[in-house]
Amino acid sequence: MIEYRNVRVALIGAGSVGSQVARLLLEQADELAGRAGAGIELVGIGVRDVDAPRDVDLPRELLTTDVESLILGADIVVELMGGLEPARQYVLAALNSGADVVTGNKALLASHGPELFEAAEQVGAQLYYEAAVAGAIPIIRPLRDSLAGDRIVRIMGIVNGTTNFILDRMDTDGDTLEAALATATELGYAEADPTADIGGYDAAQKAAILASLAFHTTVPLNAVHREGITEVTHEQVVAARKAGYVVKILAICERLLDADGVEGVSARVYPALVPLEHPLATVHGAKNAVFVEAEAAGDLMFYGAGAGGVETASAVLGDLVSAARRHVIGGPGLAESTHADLRVLPIGDVVTRYQVTLDVADQPGVLAEVAGVLSDHGVSVHSVEQTGGVPPLASHGDVEALATATLIIGTHRARESALAATVEALRTTPVVNSVTSVLRVEGA
């Protein structure tokens, strides 16, 4: 029987993911040792409350509230407690002690990534974070290693399972947003306070991580444009399907040229129309998928479970085995590459397409007037659809109410600044009663 030296592992956090990581470490110790070339010994689990109920029955002797001492006795620290503080303090303490760190904490990386990577580099430690984006889907390592010799042009991903589940229910079952959210909460996909998901905050954190990694540039969280799904209506989803699209909330990271032709990068999150023939349109339920466009490799798509305790634990254990191997082989950790140092461009520099739905007066010359507004802002029309006129419900005194019609304008690609200005101008155009829907078109 082969005898391995032991690598001491401290686990911080025993929630849905942490408890599954602990269970798998204990149950599969021999198998993991064979893969890592070292025994992976779980020396302790740092928790806030030793007596709190947990999904997994963990050995009580491993549980401790003395996280600081636990960290100092470990070769590898796995941080799965979430949040910014005290997670940041614990991760820095671990790195400064020379321990490698495995984390799934997207908020921490998006907010304090440069500080943590610098701390790791100073002592030759390694920070692993595959579980921070898209759960069980391997996306961090392919971007960091497999595609390191390629030039990534664009990433477009569904990286939040809760919102994908909600939008999918609205599309396939005809639910309203409120009904779909209620179902997501009942099934455990949505938290009691779903703001982080439906507000786009969770996806924005992941977009910051992906953009920083893909473009070798620090992309701070506050530079990520964010829009959630709270304004998406059942009517928009139905109209999208009729027009050959599905509504998805996307995290988009891409290289761009600004108005002066200087290269930069964009990271943004918003609901958009995705053509039914695009691979991302077929991502249903709470699944995640990340679509990568690279100059040499071409189009790549990574698909799978974006959340879940045991699913995310798979990504954590993959990083843990890699960290254990590094301890066996020796040598310093690999520093994060941010040497490109490209400028992070504002949303106004993004080039995209709009689909705008207008409630307009049903009278001659309306289309010409609307087209004139677009032309004045340098935006050209790609498609036009008008539904039949709707007669007035009633007259008011001596004033006859006007019949109305619905006009759906699809634009050609243009800068976001010009498209947004066009919509604002349409709101004040006399023949336009209201702008009822504005959605970007991506992947077409």
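The values are calculated or read from the model by the stated rules, or taken from the named source; none is laboratory data. If you're wondering where the values come from, they're calculated on a predicted model, not measured in any experiment. Counting neighbours? That spans all protein chains shown, and the Cβs are built from the backbone with ideal geometry, glycine included. We work out accessible area using only protein heavy atoms, side chains counted, and drop any ligands, DNA or RNA first. Shrake-Rupley method; radii C 1.70, N 1.55, O 1.52, S 1.80 Å.
Structural remarks
- Interchain or long-range residues, amide H under 5 Å from Leu250's placed H: Tyr270, Ala272
- Computed FRET value (nearest 0.05) for Glu295 with Leu334, which takes r as the C-beta separation and R₀ as 30 Å: 0.85
- Taking Cα centre as origin and charging only the Cβ of basic (Lys, Arg, +1) and acidic (Asp, Glu, -1) residues, the dipole magnitude of the chain rounds to 740 debye.
- Cα-based Rg / Dmax (Å) for segment 64-111: 9.9, 28
- nm² value of the averaged projected area, convex hull over the Cα atoms of segment 243-333: 9.9 nm²
- Evaluated at q = 0.06, 0.08, 0.10 Å⁻¹: base-10 log I(q)/I(0), Debye formula over Cα of the chain: -0.31, -0.52, -0.76
- Order by protection proxy (mean Cβ within 10 Å, highest first), peptides 159-172, 28-41: 159-172, 28-41
- Between segment 92-164 and segment 43-69, the Cα center-to-center distance that results, in Å: 26 Å
- Exposure ranking of Arg88, Arg241 by accessible area [1.4 Å probe, largest first]: Arg241, Arg88
- DSSP bridge pairs, the chain: antiparallel proportion in percent, nearest 5: 70 percent
- Two-site FRET efficiency, Arg343 against Val238, from Cβ-Cβ distance with R₀ of 51 Å, rounded to 0.05: 0.80
- A cut-off of 5 Å between modelled amide H atoms, ignoring neighbours fewer than 5 places along the same chain, links Leu334 with no other residue.
- In percent, rounded to a whole number, the relative contact order of segment 178-333 is 16, using alpha-carbon pairs under 8 Å and six or more apart.
- Positive dipole terminus of the chain, leading residue within Thr357, Gly161, Val438 (C-beta point charges): Gly161
- Whether segment 291-345 is rounded, prolate or oblate, judged on the alpha carbon gyration tensor where a/c under 1.5 counts as rounded: oblate
- D_trans [Stokes-Einstein, Kirkwood Rh over alpha-carbon pairs] for segment 59-164, 37 °C, 0.692 mPa s, µm² s⁻¹: 216 µm²/s
- Normalised per residue, the accessible area of the chain is 43 Å², obtained with a 1.4 Å probe and no contribution from ligands, DNA or RNA.
- Axis angle, to the nearest 10 degrees, between helix 309-329 and the longest C-alpha principal axis of the chain: 50 degrees.
- Seen against the Cα atoms of the chain and their longest principal axis, helix 87-96 is set at about 50 degrees.
- Projection of the Cα convex hull of segment 171-287, averaged over all directions and equal to a quarter of that hull's surface, yields 8.6 nm².
- Share of carbon and sulfur in the accessible heavy-atom surface of the chain [1.4 Å probe, %]: 51 percent
- Leading residue at positive end of dipole, the chain (Cβ point charges), from Ser212, Ala38, His284: Ala38
- Degrees separating the helix 161-172 axis from the principal Cα axis of the chain, which is the longest one: 40 degrees
- Summing Cβ point charges (Lys, Arg +1; Asp, Glu -1) relative to the Cα centre of segment 184-269 gives a dipole of roughly 300 debye.
- Its residue count N sets the reference 2.2 N^0.38 Å, and the alpha-carbon radius of gyration of segment 1-75 equals 1.11 times that reference.
- Phi-based couplings in Hz for segment 119-136 (Karplus 6.51, -1.76, 1.60; Gly and Pro marked x): 4, 5, 5, 4, 10, x, 8, 10, 10, 10, 8, 4, 6, 6, 10, 6, x, 6
- Between segment 196-254 and segment 334-372, the Cα center-to-center distance that results, in Å: 14 Å
- The charge dipole of segment 1-132, taken about the Cα centre with unit charges on the Cβ atoms of Lys, Arg (+1) and Asp, Glu (-1), comes to about 120 debye, rounded to the nearest 20.
- Added length on full extension, which subtracts the Cα-Cα distance from 0.36 nm per residue, Ser380 to Leu84: 102.0 nm
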